[in-house]
Each structure stands twice: as structure tokens, then as C-alpha cells.
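The values are calculated or read from the model by the stated rules, or taken from the named source; none is laboratory data. If you're wondering where the values come from, they're calculated on a predicted model, not measured in any experiment. Cβ placement follows ideal geometry from the backbone for every residue including glycine, while neighbour counts extend to all protein chains displayed. Accessible surface areas use protein heavy atoms only, side chains included; no ligands, DNA or RNA. Shrake-Rupley method; radii C 1.70, N 1.55, O 1.52, S 1.80 Å.
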Amino acid sequence: MTKRTWALMAATMVSLIYGLSFTIAKDVMPVYVKPFGFILLRVSGAAVLFWFLSFFGPKEKIQTKDFPRIVAASFFGVALNMLTFFKGLSFTSPISAAVIMVTTPMIVLTLSAILMKERIKTRKILGILLGLLGTGFLILYGKSVGNATNAMLGNLLVFINAVSYGFYLIIVKKLMDKYNAFTFVKWIYTFGFLMVIPFGLAEYQQIQWQQLPITILWEIGFVVVFTTFFTYLFNLVSMRELKPTTVAVFIYLQPLFATVFAMALGKDQLTWVKVAAAVLIFGGVFLVTKKKS
């Protein structure tokens, strides 16, 4: 099996894990663990795993001048990103959240144009507008089933999470060009852990561990180990062999996996609003990622 095939498999696994996570995390929140308490669990668990793994990785020293960038990456890639996502997911449905996450590549493109002065073609601008129209449609009208207590607020928070992750991808790029990922990812999660403590500590202390069903404990473990730790490792494998644009395309599989999984378990249902929003978003994605023949 070639390295490219392994990379494609790794990228697919990332989308599959994220697709499953929308429904799995929704099972845990907010009945058994509240969103911010869950984030503290997730970030602290991942930080421990990354520090453990770093002892077996390459030994590099991070320059002092790069720590502000690492702190910024921690804020956008861990703290704001995860807090808004889990809080939003606790209010909305798995399918709505997964569809909104598809806007991330378009957001990255927009931020690159603004922050890095990259030129955007008219076709891509049209694609961005289509995607944002679909997202706005879903945020305003995407009523959901399955404990969606406040779909509009939930969808908005998931969208903020996507924007935050877009900032993170731009910030972390220079770090990846300079260091091995294992050198700085442990620091990103360490600073991220410190940032989420004020938000998550009270909710973490409210967890009734003795009363948690075994299935919920397994689902918490899945989010910490697979959704946080292994997805990052799989992303490293895929990014070594594939272009960033190729890796980004795999995020579009997430709504497919999330929808199939959620509907199979009866956790959500497809509505014409979600289908229309998905068509607009995927149309935008197609225009943004389409290469000239």
C-alpha cells in the first residue's frame, strides 16, 4: 500500500470519527456532562496523551518568540473553538452542526484573502457567498429534533467555532513549517487547558461519576481519545502526503457520516430546510474548490 493510499485512508478516518462524534457527544451533553465540563475533560485528557507521546518524538526547542503564536493557536484552536462547538451542539442537532462545519474551508479562504492578502477569483467569491447563504439559512430556519433546545443559538455558536478554527489553521501553518508537530501540539493543548479551566471547572465538578452509565463513560472516552487525540495524529499522516486543499475536501464527508449515523440511531431527521442549506453550502464548496481544467 502506497503512502498516498495511507494518507487518503487517514483523512477519511478523520471525517468518519468527526461524523460519529456529533451524535456521540450529543448523547453525553447536556444530561450527563454539561458542555464546558466536557471540554475540560477533553482538553486535559488530550494534553496528557500528547505530552506522553512527545517523549518518543523528536527533541526540538521552541524559540521564545514563537510562544505568542502558540498561545493564539491555543485560543482559536482549542479554547474558543471547542467551547463554542460543544455549547452549540448542546443546543442544536448533529446534522445541523455537521452541515455548518462544511463552511470551514470557505472561511479559511476568506481569512487568507483578508489576513494574507491572497487574491480570490470571482468564482470563489460566488462560492463563499453561496456557502454563507446556506449557513445563514440553516442558522435562522434549521429547526431540529432530538433535544435541540435552541437551534438558532446552537447553529450560530457552531458557525463561530468554524470561524475560530479557520483562524487557527492560518496561525498554526507557520508553526508546522518550522517545527515537528509533536514539538508544539503539547503546548497548544497545555495553554488551551489553562484557558478552559475558568469555564469548565464548575461544570466538571458537577459530574456525578458514580451515576454515569457505562455507555456514557465509553462515549466520553471516545471523544477524548479518538475525536481529539487520534484525529490529530491521522491529520499529520494525511498532511505529510496530500496537499492542504485535498485534505480540506475530506471535511465535506463529515455531514454525510453524521447524517447517516444520527438517522440510523433515530437521533435526528432530515428536513427540507437542512437539504436546501446543504445544497447551497455544497454548491459553494464546489465553486471554491473547483480547479480550472
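Selection of helices (runs of 4 or more DSSP H) fully inside segment 1-81 by the criterion of at least 3 residues being of a type in the set (Phe, Trp, Tyr) and either open to solvent by less than 60 Å² (accessible area, probe 1.4 Å) or without any contact (Cβ under 8 Å) to a residue 40 or more places away in the chain (or both) returns 35-54. Considered as a group, the residues in segment 203-221 that are under 21 Å from the mean Cα position of the chain (by Cα) and crowded, with 18+ Cβ neighbours inside 10 Å include one that is nearest to ALA181 (Cα to Cα), and that residue is ILE220. The set of residues in segment 148-167 that are touching a Gly at 6+ places or on another chain (Cβ under 9 Å) and open to solvent by less than 20 Å² (accessible area, probe 1.4 Å) comprises ALA151, GLY154, ASN155, VAL158, ASN161, SER164.
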